[in-house]
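Each remark here refers to the structure printed beneath this line.
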Amino acid sequence: MNTTSILVVLTGLFVRLAIPLLVTAFVVLMLRKLDARWQTEAEQERKALLVKDETPCWKEQGLPMEEIQLRASKSEQPCWQIHRLSNGYLREACLDCDVFLSAPIPVAKHITAHI
């Protein structure tokens, strides 16, 4: 093989493999930066909401179970929804809470289309 054919093969490999890999790595880095920015914004928003709404958990308030169930039926958001973590997960304390465990399961309303 002469050097020209080797250069052609190497250039072909570079164009077919290296450039897509570099573009993919660039996109991954940009998406990571975007995700970090969104998480920072979510944390700041969550902190701002916690300052505005500093209501403690219903169980931490020492309310009886009947009062908690009455509040849950009237309120649109139960206490475990209000006190979610910044990433959207429930707090560990909420997962073991009697209020959360005894809450009724929400019923999804199905929309049926008549054809």
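The values are calculated or read from the model by the stated rules, or taken from the named source; none is laboratory data. Predicted model, so just to flag it, every value in this text is computed and none were measured. Don't worry about glycine lacking a Cβ; one is built from the backbone with ideal geometry, like all the others, and counts go over all protein chains shown.
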Considering only residues that are in a loop (DSSP other than H, G, I, E, B) and surrounded by 10 or more Cβ atoms within 10 Å (Cβ to Cβ), look in region 47-63 and name the one that is modelled with the highest pLDDT.
-> Leu63
Residue set Ser5, Ser73; condition in a helix (DSSP H, G or I), loosely packed, with under 10 Cβ neighbours inside 10 Å and at pLDDT 75 or above; output residue Ser5
If you go through region 32-46 one residue at a time, do you hit one that is at pLDDT below 75 and of a type outside the set (A, V, I, L, M, F, W, C)?
-> yes
